[in-house]
1. What is the extension gain from residue B:11 to residue B:397, computed as 0.36 nm multiplied by their sequence separation minus the C-alpha to C-alpha distance, in nm to one decimal?
2. Mind jotting down the three principal axis lengths of the range A:136-272 based on Cα atoms? Whole angstrom, largest first.
3. With viscosity set to 1.567 mPa s at 4 °C, what whole-number translational diffusion coefficient in µm²/s follows for the range B:223-273 from Stokes-Einstein and a Kirkwood radius over Cα pairs?
4. Take the alpha-carbon positions of chain A, form their convex hull, and give its projected area averaged over all directions (one quarter of the hull surface) in nm².
5. What translational D, rounded to a whole number of µm²/s, comes out for the range A:138-187 from Stokes-Einstein when the hydrodynamic radius is the Kirkwood one over Cα pairs, at 20 °C and 1.002 mPa s?
6. Looking at the square roots a ≥ b ≥ c of the eigenvalues of the Cα gyration tensor of the range B:255-343, which shape do they give, rounded for a/c under 1.5, prolate if a/b is larger than b/c, or oblate?
7. Classify chain B as rounded, prolate or oblate from the Cα gyration tensor: take a ≥ b ≥ c as the square roots of its eigenvalues, call it rounded if a/c is under 1.5, otherwise prolate when a/b beats b/c and oblate if not.
8. Once R0 is set to 41 Å, what does the formula 1/(1 + (r/R0)^6) return for the Cβ-Cβ distance between residue B:291 and residue B:335, expressed as a FRET efficiency to the nearest 0.05?
């Protein structure tokens, strides 16, 4: 029973003997093998660590177990929230929207505005036009957005709703109510690609639909656009803008969701920050656009390059080399030398890397996440002399990504020990970690169960992270971002060293106060 | 605030919202919003419209039928594997977020926090996914040989592309000799997660209830009961069953938090079904009554007053030995909960609360707050039906704002108007109110604490509410240079 002086929650309550008894007694009625024959559980658990299991696991064709990707509309919602006073609007069932909002909110610890038009059986039969007509008007009346960015769920895609016609139809019937709100729309079928595809489709649609025809393009030689991509690190957005501002005040971030998920206490604001619609509507006039996530902007790139005839370049400012390339690109595009301040930041980063390298050098890492994130993180690990033993990308792009990764790995001292696993999931990774173990695992919250099962420490870098607070506020981009990566990884190595050496009178001779 | 003032304020709050709406929206929402009080003869609890289509374009907090089936009813059954059948998202967003606690070796003999998906691509949409599904079932049996069955949880496209998952399940069941259960819980069905509960219950009825293999040799006692509709969030069902066992009852099944297939199948052997979440499992309780003659009663284990009431109600269904033991249990724990109340009530007395949750909580937790001297001034259901609202009437003790399927816009306006001291709702709402400087507790996940069911759990509930209400952090919102009050 609870001791009122020391009330404990479930964590310790269920350790009390009376509850242990309850749990033991419950086994009589249970059918899981652990309650019937625990030795059988041990036997199977052992087998799942074997090469035999790995082979069976890797011959899977139909079932995905513990994925490391999400679906298109999630990315579309993030893209939409990068624009000022914009309400993401999902044409489909409201269940999807409840999921997107919860997912982002658990990661950012911030509210996530997004509406749906609550399509149901009748919409499945008759199409979702009626929902769209009411939905846009209600959304506009209640949330007074400057832009409504419409994406679709798989339901709307399967029944084949014609978004463009629906939006036009809704506007025509709205008695003028929708005349002063921009309504952009993108098809984001969940059964194609992943969340980064949805991000791409939404950014492309917003840019195409807000901007005039290329015949009206008036090039502004000083203006440069930066598209950040599906970026869960708000600090990265801030740092990229900071670096850009050192070169020019005419560099505009297109899809800047930093402020939306970083509002202060005192008052709730539905919308916060974002790329102004004025800037979004003139994106076509820029001299060039830099995408920071090549593989989150594949379709957007086509619009910019082929339709807008604008210079389009990619840079991935994660790690030292990635940031160098980004900085040089800015220097080239603006015609300005690299500012002293950046040179100093770079030198400080390199200094820190030289201080800490012994702890990452030769350490084996397994890492998983989105394609561009992986290109950045792996390049940093290679720069530090770490070994990216397993690089797993569940939403690996079909073209180019593996070659890009191989180019990075070619610089590694251990290039032959590095493996790229495209389109594999985290249950595949479990087999890899058991059969070809590593020292550290880098990834999102779902790596937690791999840590539990394998004992390999998880360094939380990625998306989503639900079980640690405030990491998303930091940067992983730019020189300061690289310093954060260095700090997190090095200190995780040191924490593990302490963990392994803390046994008194046995290993604690190595439990040093100075490392 | 006097009762009349409170009622006027509540009515004003509704009127202001309705005025700001376009006509059609206003007309619709007017039927879902109202005020009720114990004295009222036909108040909002009797008249409120519920379980209707959500108006398009609003920020509803509702989920879908898939969430009701996979997320609520089936997902927690621990020794079965539940496939999210369709595109990748649904399974990912609902993975391991609901805190359905269980004991088991995850990935080997239990699977609750994992995500199994058929990860549909365009090809599957165009050519159908039945073959892929059959292969998926076979692969699962190879890689997870200790699974005690597989359920197939349909996502939206399945019902739209004409797949016959029930035929696939039947075939696999024959091939594997293991339960294989197809559930047509596509997210677009119905108006909320509620229909998903119903569909999930129907599949338990059709696929598990007829399986008498575990019932055949089951040795019954006169004291066998089953807990139905407890999802063991944060361990709720464990802190409930300890009380029932101390009363001299034998809990033979626990649905569906920490449940196993066998517990589902032997439940009809119970002498009495104890129903906690009426909304999500009344269907199967009624079925077991009709088919197997197992009576059921509802109970409420939030807060000592309701727990004690419920224990006596349960005991009354059994003999005097159980009744005598029950009094001992009540006496033993009441000594502790009295101390909890003595410790926390003075700090919480008179504080007002607004609730917005789902299932049973919009009414069931009112008593627990009242045990702490707190006053609930508004409550509503995400996916309640008329019978939920009728049951709510019995729980309210003052003029109470009743809001059905309230959207974010309305909830924010209500809170600004009524200025409660605490808002208790879900994660999507949490930070909206915390930004206003309002203490908030998530009452779906117990805000990563709990359990909240039973006497021991009440101590945690009280401690958590005190923590939320009396933390120093809320006093920091106003900066020293601010002249005006900030926050709600």
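Nothing in this text is a laboratory measurement; each read-out follows from the coordinates by a stated rule. Not measured: the values here are computed from a predicted model. Cβ coordinates were reconstructed from backbone atoms using ideal geometry, including for glycine residues, and neighbour counts include every protein chain displayed.
1. Residue separation times 0.36 nm, minus the Cα-Cα distance, leaves 137.2 nm.
2. Principal-axis extents of the Cα atoms in the range A:136-272, largest first: 47, 46, 35 Å.
3. Numbers: Rh = 10.6 Å.
Estimated diffusion coefficient is 122 µm²/s.
4. On the way: hull surface 122.1 nm².
The Cα convex hull of chain A, projected and averaged over all directions, gives 30.5 nm².
5. Working: Rh = 11.6 Å.
D = 185 µm²/s.
6. Working: a/c = 2.40, a/b = 1.76, b/c = 1.36.
Prolate.
7. Numbers: a/c = 1.86, a/b = 1.29, b/c = 1.44.
Oblate is the answer for chain B, as a/c is 1.5 or above yet b/c matches or exceeds a/b.
8. On the way: r = 42 Å, r/R0 = 1.03.
E between residue B:291 and residue B:335, to the nearest 0.05, is 0.45.
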